[in-house]
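This report concerns only the one structure given below.
Values quoted throughout were computed directly from the atomic coordinates according to the rules given, and no laboratory measurement underlies them. Small disclaimer: the values here were computed from a predicted structure and weren't measured. Counting neighbours? That spans all protein chains shown, and the Cβs are built from the backbone with ideal geometry, glycine included.
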Amino acid sequence: MNLRILSIAALLLTVVACKPSQDAAAPATDATPADSAPAATAPPDPSRADAPGFPDAAQPARDTTPVDADVVGVRLSNQGDTENHTLGAPTTTFAPTDTVYAEVETSGTAGEYTLYAKWMAPDGSELADYGMRINEPGTKRTVISLSKPDGWAQGQGKIEIAINGELEETVTFDVR
C-alpha cells in the first residue's frame, strides 16, 4: 500500500514539475506609442497606465469624477526636474532643441485626482497626452515636461491642462 502511495506521489510531482510556467508560455511583445508622435518624449512613469508608451487599448478612459481641485497657475521653463518638481527661470520662448517644462500648481480639498496634460504642436497636431495621479489635498506643485529630439517646429505650441477631464487652463509657448 505504501509503495502505491509513493508511486502516485512521484507521478504527481513529475507532472507538476514538468508543467511550463505561464511566464515562459507568454510571448514577449513591444508596445509602441500610439498616442504621441514618434519623436515626442515625455517622462516615463511605469505606475501610470495612461502614460505615453501604452497602446490606446491599454489606456483607461479619462477620469471625469468631479473633484474640488483647481489649477492655480502654470509656469514654463527650459530647465527643470520632473522627479523633484523644481523649475528653472520662467520663460515662454524656447529654442527648437529645448525641453519644455511646465510647473502646474493645483489646490483643493480633493484627496486624489488626475492631472492631465495634452501637448499640441504649432500646426495643431497632438504630440502627447498623459495623466499623473495626485494623491494629496492642498496646494501641490507638479512639474511635467516634453522634448522633441528632432526639434520643435517653429511657431506657437500649447499645453491643455485638465483635472479629471475638466479643462482648467491652456498655456501657449513660442518656439523660435
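In segment 95-117, which residue that is assigned to a loop (DSSP other than H, G, I, E, B) and of a type in the set (Gly, Ala, Ser) is nearest to Leu146 (Cα to Cα)? The qualifying residue nearest to Leu146 (Cα to Cα) is Ala95. When Asn135 is tested against (1) farther than 21 Å from Asp63 by Cβ; (2) under 16 Å from the mean Cα position of the chain (by Cα); (3) without any contact (Cβ under 8 Å) to a residue 40 or more places away in the chain, just one condition goes unmet, and that condition is (1).
In segment 150-157, the count of residues that are on the phi < 0 side of the Ramachandran plot and under 18 Å from the mean Cα position of the chain (by Cα) is zero. The set of residues in segment 69-94 that are more than 19 Å from the chain's Cα centre (by Cα), in a loop (DSSP other than H, G, I, E, B), surrounded by 12 or more Cβ atoms within 10 Å (Cβ to Cβ) and of a type outside the set (Ser, Thr, Tyr) comprises Asn78, Gln79, Gly88. Being assigned to a strand (DSSP E or B), free of Cβ contacts under 8 Å to residues at least 60 places away in the same chain and among the acidic types (Asp, Glu) is a property that does not hold for Glu168.
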